[in-house]
Amino acid sequence: MLSIEDIKALIKEMDSSSISELKFEAEDAKITLKKAEAFANKTVVQTAPQVAGLQAAIAQPVVQASASTGSADLDENSGDDSSLHKITAPMVGTFYSSSSPESNAFVSKGSKVDKKTVVCIVEAMKLFNEIEAECKGTIVDVLAEDGQLVEYGQPLFLVKED
């Protein structure tokens, strides 16, 4: 089964390598990762239904390179307190704080979250990806604005863990 963590790991490998495109196909799953030439630090992900055992097939990186594409656009507040957990964008896309313009935000400053709490949506290529907190605690700061384009790895929320 291909999880969001597996996809994140693949994106990190792509960002730190000279690979510009990676395609993987199994019986009922397909994943394609591409780097746009004009935007070397952006990665596009397309996935099909998940397959059990796909994790083992993608666990080994194909190529290692020393190219670094870290984001220098981190919010100024994101480095203030190293004890806070950062919820980061798992992909390049558009940040949405709620499921629709008429709805309330999933979370706001002071909201209590657990590992499975949906904190926002990142839309990439017409796919709306729910982002979960992945930790238990209290939202201390919201670092992205509704409708803002976010980069892979960009901090979106700061959480004081319980």
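The values are calculated or read from the model by the stated rules, or taken from the named source; none is laboratory data. The shown structure was predicted, so the numbers you read here are calculated from the model rather than taken from an experiment. Cβ sites come from the backbone with ideal geometry, for glycine too, and all protein chains shown count toward neighbours.
Just to be sure before I move on: is residue 75 at pLDDT below 70 and on the phi < 0 side of the Ramachandran plot in the structure I sent?
yes
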#### Entry: So residue 138, is it assigned to a strand (DSSP E or B) and over 17 Å from the mean Cα position of the chain (by Cα)
yes
## Note on the structure
Within segment 80-122, residues free of Cβ contacts under 8 Å to residues at least 60 places away in the same chain, surrounded by 15 or more Cβ atoms within 10 Å (Cβ to Cβ) and not in a loop (DSSP other than H, G, I, E, B) come out as 93, 94, 96, 113, 119, 120, 121, 122
